[in-house]
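Working notes, structure below.
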Amino acid sequence: MAVSIAHIVNPVKVKESSDLFVAQPITFESMRIAKELAKNTSVELFTTQYEEDLDIIPEYFTKTTNLKHSVLDIASFSKERKLPLLKDILSTVYENSDAEYLIYTNVDITVLPNFYAAVASIIDKGHDAFMINRRRIPKIYSKPDELPLIWAEIGKSHPGFDCFVFHRNLYPKFELGNICVGVPFIEAAFAHNLYAFASSFKLFDNLHLTVHIGMKVMGQFDKDYYWHNRNEFNKLVKLLKPHLKAGALPYSDDGFLKRTFKRGLNPSIFTKLALELETKGFTDKAEYLLQELRFKLLGPK
């Protein structure tokens, strides 16, 4: 049975000086082509946007109801930026599609032509949630008709998370607080929900399936919004912690020292929390083994 996928992005009308002015049309066209090539997979393309952003969205997207709220309704900032809440975007695709799997990507992420076919193949392997890390390529492309060359660039790896795929049944369990998009900690909040609630999560950090034009690893951000998201993340981690296990975190297949080192280098994974989960896992295993030994000694000979 063919898998069904709904992919949502959040376009925004920007000035020509913004990187998104170049990136978004390329993203849109790449999604259209990938959908056309996904012959055995049902793919729906959705957007959610503010009313003022409607006229930049191509007709091949399903435009859902305009967003009504932003982070400005939640808190005050020295510089006002109308940034959507992640939960509003995800609720939109969840409510407007019956697709079995949902995808959220940042709107500056170009997908390769085989993206949806590859996603379907990963799903067939039994994963109910996964993330695909992007490749970084030089900032020398500016038009959708350059996509063949964009796809041909091997580029370099990137540690951050910006492509999330998950079974729709997981979404009602998510704890997202008032995390807003476009600011650090959105990726950490999203990822930790997948770690917490997926039964078979996997990070794919070596696949050439998504691309970002530009080599920077970390962009600039407003400190006010950074601290808003950081504080929101700290709140939701407390809610997620009972559901988190060390084995669900990325790099769990590596040895202890190697995975601890790699997690320490990744800006979206927090070493202190990872070590706490490792310690809990070790303690739980030790208690289990002691109980088994006790019952064996007390059992009938």
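The values are calculated or read from the model by the stated rules, or taken from the named source; none is laboratory data. Nothing here was measured: the structure is a model prediction, and the numbers come from that model. Ideal geometry is used to build each Cβ from the backbone, glycine not excepted, and the neighbour counts take in all protein chains shown.
Quick notes on this structure:
- The helices (runs of 4 or more DSSP H) found wholly in the range 55-162 and carrying at least 1 residues that are more than 22 Å from PHE190 (Cβ to Cβ) occupy 115-124, 147-152.
- PRO144 meets the conditions (1) under 23 Å from GLU29 (Cβ atoms); (2) out of contact with any Pro (no Cβ under 6 Å at 6 or more places or on another chain) in every case but one. The failed one is (2).
- If you check LEU37, LEU54 for being touching a strand residue (DSSP E or B) at 6+ places or on another chain (Cβ under 8 Å), surrounded by fewer than 17 Cβ atoms within 10 Å (Cβ to Cβ) and more than 22 Å from ASP224 (Cβ to Cβ), only one passes: LEU54.
A quick yes/no check of all residues on (1) in the same structural domain as VAL71 (by TED's automatic domain parsing); (2) touching a residue at least 40 places away in the same chain (Cβ under 8 Å); (3) not small (Gly, Ala, Ser):
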residue: PHE233; (1), (2), (3): yes, yes, yes
residue: LEU236; (1), (2), (3): yes, yes, yes
residue: LEU240; (1), (2), (3): yes, yes, yes
residue: HIS243; (1), (2), (3): yes, yes, yes
residue: ALA246; (1), (2), (3): yes, no, no
residue: SER268; (1), (2), (3): no, yes, no
residue: ALA274; (1), (2), (3): no, no, no
residue: GLU278; (1), (2), (3): no, no, yes
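- Those residues of the range 30-54 which are over 13 Å from THR105 (Cα atoms) and part of a strand (DSSP E or B), in sequence order: SER42, VAL43, GLU44
- LEU102 more than 29 Å from LYS156 (Cβ to Cβ) and touching a Lys or Arg at 6+ places or on another chain (Cβ under 7 Å): no
- Residue satisfying all of: in the range 2-21; among the small types (Gly, Ala, Ser) and part of a loop (DSSP other than H, G, I, E, B); surrounded by the fewest Cβ atoms within 10 Å (Cβ to Cβ) among these: SER17
Here's the yes/no breakdown for (1) in the same structural domain as ILE26 (by TED's automatic domain parsing); (2) within 13 Å of the chain's Cα centre (by Cα); (3) modelled with pLDDT under 95:
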site: ILE132; (1), (2), (3): yes, yes, no
site: LEU149; (1), (2), (3): yes, no, no
site: LYS156; (1), (2), (3): yes, no, yes
site: GLY160; (1), (2), (3): yes, yes, yes
site: VAL165; (1), (2), (3): yes, yes, no
site: PRO172; (1), (2), (3): yes, no, no
site: GLY177; (1), (2), (3): yes, no, no
site: PHE190; (1), (2), (3): yes, yes, no
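- When THR27 is tested against (1) outside any helix (DSSP H, G or I); (2) of a type outside the set (A, V, I, L, M, F, W, C); (3) within 22 Å of the chain's Cα centre (by Cα), only condition (1) is not met.
- Given (1) more than 29 Å from ALA34 (Cβ to Cβ); (2) assigned to a loop (DSSP other than H, G, I, E, B), index of the condition LYS238 fails: (2)
- Any hit, the range 57-75, residues being surrounded by 20 or more Cβ atoms within 10 Å (Cβ to Cβ) and either closer than 18 Å to TYR171 by Cα or modelled with pLDDT under 95 (or both): no
- Scanning the range 169-183 for residues that are more than 30 Å from ARG259 (Cβ to Cβ) and either in contact with a Ser or Thr (Cβ under 9 Å, 6 or more places away or on another chain) or assigned to a helix (DSSP H, G or I) (or both) gives PRO172, CYS180.
- Total residues in the range 104-117, condition surrounded by fewer than 24 Cβ atoms within 10 Å (Cβ to Cβ) and either over 14 Å from the mean Cα position of the chain (by Cα) or of a type in the set (A, V, I, L, M, F, W, C) (or both): 6
- Some residue of the range 217-235 being β-branched (Val, Ile, Thr) and in contact with a Leu (Cβ under 9 Å, 6 or more places away or on another chain): no
- Test: residue in the range 283-300 that is loosely packed, with under 14 Cβ neighbours inside 10 Å, part of a helix (DSSP H, G or I), of a type outside the set (Gly, Ala, Ser) and at pLDDT 85 or above: no
- Considering the range 76-99, the residues that are charged (D, E, K, R) and surrounded by fewer than 17 Cβ atoms within 10 Å (Cβ to Cβ) include one that is farthest from TYR226 (Cα to Cα), namely ASP98.
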